[in-house]
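Here the structure is laid out as structure tokens; the discussion comes afterwards.
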Amino acid sequence: MRSSTPAARWAAIALAFSVPALSPSLARACACGCGVFDVGDGTFMPNGSPSGFTAWFRYSYMDQNENWEGDSRAPASDNQDKEILTSFYTLGAQYRLNSAWTVMAELPIYDRDFITTDDGTVFSPAGSIYKAHLTAQGDVQLMAEYTGLSPDLSTGLTFGVKLPTGDDTGPIGPLGGSEFDRDSLPGTGSTDLIVGGYHAGPVAAGGKLSYFLQGRYQVAVATHDDYRPGNELDAAAGLTYDLGAAGPLSKVAPLLQVLNSYRVHDTGAQADPLNSGYERVLIAPGVEVRLNKLRLYADVELPIHQHTNAAPNLAVEQTSGQLTAPALFKLQLAYDF
């Protein structure tokens, strides 16, 4: 992509980096933040064939096994939740209606193990370590992208909605209690609005080294059963270098990006406001390769800064801290029809 006008470029930069000033978590003892998988190179940016239709499958993985309070790791004994292992399987597609508009949809599937301390309402006896498992549909996202700001599609704005199609109840334990907290279920039960944008362009003449900026802000506008997920911002800034063809591959492009996730407290009777909300900065090396119409993208996302909200008084709260992952992994396979 070629850079658009300076005005459009600085507008996109402002969108990607100043949105945190608006107020963008995931909650009860688990700082999931899986929305970070929806930003970065290869996601929600036009990169398809002239026909305009692209389909993709994305696999993402997190093992949340570290308890964090504030800016540092905390004792596991502070948190009644011990570990959350999740594989996300996401099916997506986009269709370019014309040079100005593209429509997109994504359907995630969660495969999750949740290891926690039973309070005597799910399993037995109280205080025992309990492992729950589910494989269930998450919330569908429907998006529209406007790329009419520049003729080379280097700048775009996104608008969308997350629908309450995911499982927000989960399996029930032998004693009748829910095996999962509301914040650790695939569905939030809420309808969310999503706004965002991207900008990409060359760093210098020749176009081999280029940059991209992307951001999205998500806010719940309708909720269910006394649980409202915190507003969330996810943003990315990165550099990619096109090495050109290599053997049967028509393109090999390593990249390096910085990701930011910021989420405010969850609210409602089914939420844990004191132990929800966080900010996280990650560095993510990755690579994109292309074989004709087939594109493969992969990265590993490593936190370089984390801050999680935590209950200040254990005498009041049974739980203090949030489970975080030492690394996040993403692999995406796309086909341009």
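Between Gly206, Gly230, which is surrounded by fewer than 18 Cβ atoms within 10 Å (Cβ to Cβ) and part of a loop (DSSP other than H, G, I, E, B)? Before you say what the answer is, go through the steps one by one.
Numbers: Gly230 fails: surrounded by fewer than 18 Cβ atoms within 10 Å (Cβ to Cβ).
Testing whether each residue is surrounded by fewer than 18 Cβ atoms within 10 Å (Cβ to Cβ) and part of a loop (DSSP other than H, G, I, E, B) leaves just Gly206.
What is the number of the single condition among (1) of a type in the set (A, V, I, L, M); (2) modelled with pLDDT of 90 or more; (3) open to solvent by 40 Å² or more (accessible area, probe 1.4 Å) that Ala126 does not meet?
Just one mismatch for Ala126, condition (2).
Would you kindly identify the strands (runs of 3 or more DSSP E) lying entirely within segment 241-331 that contain at least 2 residues that are farther than 20 Å from Arg228 by Cα and open to solvent by 40 Å² or more (accessible area, probe 1.4 Å)?
Because the criterion is at least 2 residues that are farther than 20 Å from Arg228 by Cα and open to solvent by 40 Å² or more (accessible area, probe 1.4 Å), the strands (runs of 3 or more DSSP E) in segment 241-331 that meet it are 251-263, 278-291, 294-308.
In segment 129-149, how many are surrounded by 21 or more Cβ atoms within 10 Å (Cβ to Cβ), over 16 Å from the mean Cα position of the chain (by Cα) and assigned to a loop (DSSP other than H, G, I, E, B)?
1
How many residues does segment 94-119 contain that are open to solvent by 30 Å² or more (accessible area, probe 1.4 Å) and not polar (S, T, N, Q)?
The qualifying residues number 12.
Between a residue in segment 222-240 that is on the phi > 0 side of the Ramachandran plot and any residue that is assigned to a loop (DSSP other than H, G, I, E, B) and open to solvent by less than 20 Å² (accessible area, probe 1.4 Å), which pairs come within a Cβ distance under 9 Å, given they are 6 or more apart or on different chains?
Correct list of pairs: Asp225/Gly189; Asp226/Ala271.
Do we find that Pro171 is modelled with pLDDT of 95 or more, surrounded by fewer than 20 Cβ atoms within 10 Å (Cβ to Cβ) and of a type outside the set (Gly, Ala, Ser) in this structure?
Details: modelled with pLDDT of 95 or more: no; surrounded by fewer than 20 Cβ atoms within 10 Å (Cβ to Cβ): yes; of a type outside the set (Gly, Ala, Ser): yes.
No.
Restricting segment 150-168 to residues that are surrounded by 17 or more Cβ atoms within 10 Å (Cβ to Cβ) and part of a strand (DSSP E or B), which is farthest from the chain's Cα centre (by Cα)?
It comes out as Thr155.
Which pairs have Cβ atoms under 7 Å, sit 6 or more apart or on different chains, and link a residue in segment 275-300 that is over 12 Å from Lys251 (Cβ atoms) to one that is aromatic (Phe, Trp, Tyr) and crowded, with 16+ Cβ neighbours inside 10 Å?
Going by the 7 Å Cβ cut-off, the qualifying pairs are Glu279/Tyr262; Gly286/Tyr297; Val300/Phe329.
Take Gly189 and tell me if it is in a strand (DSSP E or B) and open to solvent by less than 20 Å² (accessible area, probe 1.4 Å).
For Gly189, the condition - in a strand (DSSP E or B) and open to solvent by less than 20 Å² (accessible area, probe 1.4 Å) - is not met.
The values are calculated or read from the model by the stated rules, or taken from the named source; none is laboratory data. Bear in mind the structure is a predicted one, so any value in this text is a computation, not a measurement. In this analysis, Cβ positions are derived from the backbone assuming ideal geometry, glycine residues included, and neighbour counts consider all displayed protein chains. Only protein heavy atoms, including side chains, enter the accessible area calculation; ligands, DNA and RNA are left aside. Shrake-Rupley method; radii C 1.70, N 1.55, O 1.52, S 1.80 Å.
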